[in-house]
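Here the structure comes first, spelled out in structure tokens, and everything after it is commentary.
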Amino acid sequence: MHEDEKYMRTALEEASLAFVKGEVPVGAVIVCGEEILARAHNMTLSMNDPSAHAEMLVIREAAKKTGNYRLVGASLYVTLEPCIMCAGAIIQARIRRVVFGTSDPKSGAVVSLYRVLGDERLNHFVEVTGGIERDACGEILSRFFQGKRIVSSPVS
């Protein structure tokens, strides 16, 4: 199995934890070399914190573990294309590479709505790979939101 798929499957495990908790099922993992520095999933509801996206939590944990807010050389694996907030944190953390599963046409800031990580006006360039385990990453999100639509639908 290719390294990208291996780490994305770990991120998918985190997304599954979010799903069970009723959180939007997004998971993330930060890897440096072959070591997983941190793993996390969305916790905006349980933490009552709009910034508690999987990417933000995993960046915080990796920085805490390494004792450095700069995660130079690290790769971030995330099941959903990062939003503007998370893309900004990725740049500030100097993460080398972002690998995401499925794109986010409504708020994606990497390839969908914006291309923040590739903006040459910024002082840090981030290598991006998309579409790793795309089907599995998209399926868990679809299942989650389908369940939300069923629950919120009026009964005839």
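Based on the alpha-carbon gyration tensor of the range 40-112 and its eigenvalue square roots a ≥ b ≥ c, which shape applies: rounded if a/c is under 1.5, prolate if not and a/b is larger than b/c, or oblate?
Details: a/c = 1.95, a/b = 1.17, b/c = 1.67.
Oblate is the answer for the range 40-112, as a/c is 1.5 or above yet b/c matches or exceeds a/b.
Identify which of Glu35, Glu14, Glu81 has the largest mean-square fluctuation in a Gaussian network model of the chain, with springs joining Cα atoms closer than 10 Å.
Evaluated over the chain, the most mobile residue of the options is Glu35.
First compute the accessible area of the range 18-112 with a 1.4 Å probe, then give the percent of it belonging to carbon and sulfur atoms. Display every interim value, and only then the final one.
Values: 2270 of 4010 Å².
Of all accessible area on the range 18-112, carbon and sulfur atoms account for 57 percent.
What residue among Ala38, Ala18, Ala89 shows peak mean-square fluctuation when the chain is described by a Gaussian network model with Cα springs under 10 Å?
Taking springs between Cα atoms under 10 Å, the residue moving most is Ala89.
As an exercise, find the ratio Rg/Rh for the range 8-155 from alpha-carbon atoms, using the Kirkwood inverse-distance average for Rh.
Numbers: Rg = 14.9 Å, Rh = 15.2 Å.
Rg/Rh: 0.98.
Over the alpha-carbon set of the range 1-83, divide Rg by the Kirkwood Rh and report the Rg/Rh ratio to two decimals.
Value, to two decimals: 0.97.
Using a Gaussian network model of the chain whose springs link C-alpha atoms within less than 10 Å, name the residue from Glu55, Glu120, Glu13 with the highest mean-square fluctuation.
Glu120
Where only protein heavy atoms count, and the probe is 1.4 Å, what is the accessible area per residue for the chain in Å²?
53 Å²
The values are calculated or read from the model by the stated rules, or taken from the named source; none is laboratory data. Computed from a predicted structure; not experimentally measured. Quick note on the areas: whole protein, heavy atoms, side chains included, nothing else; ligands and nucleic acids left out. Shrake-Rupley method; radii C 1.70, N 1.55, O 1.52, S 1.80 Å.
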